[in-house]
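Novice: To start, I am sharing the structure in question, which I have written as structure tokens.
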Amino acid sequence: MTTANLVATVDLDAIAHNVGVLRARSGAGVIAVVKADGYGHGALPVARAALGAGAEAVGTASIREARELRAAGLDAHLMAWLHRPDADFAGAVADDIDIAVSSPRQLDAVLAAARTVGKRATVTVKVDTGLARSGVAREEWDETARTVAEAVAEGAIDLHGVMCHLAFGDVPDNPANDQQAERLDDAVADLTRLGAAPRVVHMANSPAALTRPDLARDLVRPGIALYGYSPIPSMGDFGLIPAMTLESQVVLIKKAAAGQGVSYNHTWTAGEDTVLGVIPAGYADGVPRQLSGRMQVHIGERLFPSVGRICMDQLVIDLGPDGGGVAEGDRAVLFGPASAARGDRVPTATDWADMLGTIDYEIVARIGSRPERRYVGGADGNERRVGEEADEVG
């Protein structure tokens, strides 16, 4: 029995299925991106499920995220690609983290860390091929390439990969994708001529992995598609299965007379005598306050509208004059796979994103630490909660 007010149930079989879809459509190996605690799904359980399904490596944004996975016992290839100047490069070298460098200054810092630790560093070079975000700038490329080649020749680094990030991956036929691919290939050719050929090359994010296999090179680097959400909804779901269901219970039912205002500032007033239900979920749990009066909750086989303002810890739904047949303790699904129940379609994270004018990446990644993570499926097929395994983190 859970003691949490809100539960995020993650289907690890869905994660495994999505890895298979990505491998098949891209024709390449998969780096499972589990930054931001696995997009809110739990980095370690997702990483294990993805690796078990054939993913070749795991990617994070920060060194801290990668080191936490290593400390939890993950022995797969781990890479991290976003670093502050004072990042723990020495710790990353010690833990065999593949450090993606985006400037000659980061490369110098990694080399200094390798000398301090007394160990060869594993490095990927990230090239800015047109996104104008992280990655080695064009004017710094020649210097960086020479330093990489010298470090490889000296045995100071093992050049594992070369990568970039696409600016228009979700617009498959945009010519910028081919231009960025050409620039990345040129960078690889430069390093190869200098005697520092990388082992792997990768640029494709979720949309490119699903729609542009010609851009895959050796590996693809999916994020949102790993969790079952289409990166290009207009092109369909690609056979992906959303892995998370966010649910709670109805904790209180009460009558409200016509004219009664509900929640802070009475932004909604009952137009007739009705019955209200209270759900213990709010913006501190990742339910955006901007969904007040706009979202719906799935209970039984029906959808019930949110009324009044969503609070930090709770929201209110209108069950209608007859109470909708709902009782205290009934399961209340906030979002999940669209096919998760009979009757009216279960709301999805994409539905929330569409209402807010954002993307489902943001919705799932903002599910914070308060909801309990519960895992189903996976290698043993059993349901378990975070903390039930000694080395589990989520």
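Novice: Across 5 Å bins from 0, what is the distribution of all Cα-Cα pair distances for region 64-115, in whole percents?
Specialist: Pairs per bin, as whole percents: 5, 22, 35, 22, 11, 4, 0.
Novice: Also, quick follow-up: When the chain is fully extended, how far beyond the present Cα-Cα distance does Glu362 get from Leu82, taking 0.36 nm per residue of separation?
Specialist: Extending this stretch completely gives an extra 98.9 nm.
Novice: Give me the log10 of I(q) over I(0) for region 13-227 at q = 0.10 Å⁻¹, as the Debye formula computes it from C-alpha points; what are the numbers?
Specialist: Taking Cα atoms of region 13-227 as identical point scatterers yields -0.40.
Novice: Now, a different point. On a 0 to 90 degree scale, rounded to 10, what angle separates helix 43-52 from the longest Cα axis of the chain?
Specialist: On a 0 to 90 degree scale, this one is about 70.
Novice: Could you grab the relative contact order for region 64-176? Cα pairs under 8 Å, six or more apart, rounded to a whole percent.
Specialist: The value is 23 percent.
Novice: Okay, moving on. To two decimal places, what compactness ratio does region 1-123 give when its Cα radius of gyration is scaled by 2.2 N^0.38 Å?
Specialist: So region 1-123 has a normalised radius of gyration of 1.18.
Novice: Please compute the contact order of region 13-227 in relative form: average sequence separation of alpha-carbon pairs under 8 Å and at least six residues apart, divided by the residue count, as a percent.
Specialist: Rounded, it is 21 percent for region 13-227.
Novice: Place a point 7 Å from Cα of Arg331 in the direction of its Cβ. Which residues in region 11-37 have their backbone N less than 18 Å from it?
Specialist: So the set is 11-14.
Novice: What FRET efficiency do you get for Asp13 and Val171 if R0 is 25 Å and r is their Cβ-Cβ distance, rounded to the nearest 0.05?
Specialist: 0.20
Novice: If you take the charge dipole of region 13-227 about its Cα centre, with +1 on Lys and Arg Cβ and -1 on Asp and Glu Cβ, which of Ile224, Gly52, His165 is farthest toward its positive end?
Specialist: Positive-end residue among those listed: Gly52.
Novice: Let me ask you something else. Averaged over every viewing direction, what's the projected area of the C-alpha convex hull for region 170-277? Give it in nm², one decimal, please.
Specialist: With every direction weighted equally, the projected area is 12.4 nm².
Novice: Further, regarding this structure: With charges only on Cβ, +1 for K and R and -1 for D and E, what is the dipole size of region 244-385 about its Cα centre, in debye, rounded to 20?
Specialist: Using Cβ point charges on Lys, Arg, Asp and Glu, region 244-385 gives about 280 debye.
Novice: From the square roots a ≥ b ≥ c of the eigenvalues of the alpha-carbon gyration tensor of the chain, which class results: rounded (a/c under 1.5), prolate (a/b over b/c), or oblate?
Specialist: prolate
Novice: Still on this structure, I have one more. First measure r as the distance between the Cβ atoms of Glu139 and Asp96, then evaluate 1/(1 + (r/R0)^6) with R0 = 30 Å and state the FRET efficiency to the nearest 0.05.
Specialist: Between Glu139 and Asp96 the formula returns 0.40.
Novice: While we're looking at this one, here's another question. If only Cα atoms are counted, what is the Rg of region 150-224, and what is its Dmax, in Å?
Specialist: 13.5, 42
Novice: Also, I was wondering about something else. Quickly work out the Arg345-to-Leu131 label distance, labels modelled 7 Å from Cα along the C-beta direction, and quote it in nm with one decimal.
Specialist: 3.1
Novice: Counting DSSP beta bridges in the chain, what percent are antiparallel, to the nearest 5?
Specialist: The answer is about 50 percent antiparallel.
Novice: Where does the chain land at 222 nm, in deg cm²/dmol rounded to the nearest 500, when only DSSP H runs of n ≥ 4 count, each adding -39500 (n - 2.57), divided by all residues?
Specialist: The helix-only estimate for the chain comes to -8500 deg cm²/dmol at 222 nm.
Novice: Where Rh denotes the Kirkwood radius from the mean inverse Cα pair distance, what is Rg over Rh for region 194-245?
Specialist: My calculation puts Rg/Rh at 1.12.
Novice: Further question: According to the Cα gyration tensor, what semi-axes, each the square root of 5 times an eigenvalue, does the equivalent ellipsoid of region 244-385 have, listed from largest to smallest in whole Å?
Specialist: The answer is 26, 17, 14 Å, longest axis first.
Novice: Suppose R0 equals 30 Å. What FRET efficiency, 1/(1 + (r/R0)^6) with r the Cβ-Cβ distance, do His266 and Ala4 give to the nearest 0.05?
Specialist: 0.50
Novice: Taking just the alpha-carbon atoms of region 238-287, what radius of gyration and Dmax come out, in angstrom?
Specialist: Gyration radius and largest Cα-Cα distance of region 238-287: 15.6, 47 Å.
Quick note: the coordinates plus some simple rules give every number you see, no bench work behind them. Note that the structure is a prediction, hence the values are computed from the model and not measured. When we count neighbours, we look across all protein chains shown, and the Cβ atoms used for this are built from the backbone with ideal geometry, even at glycine.
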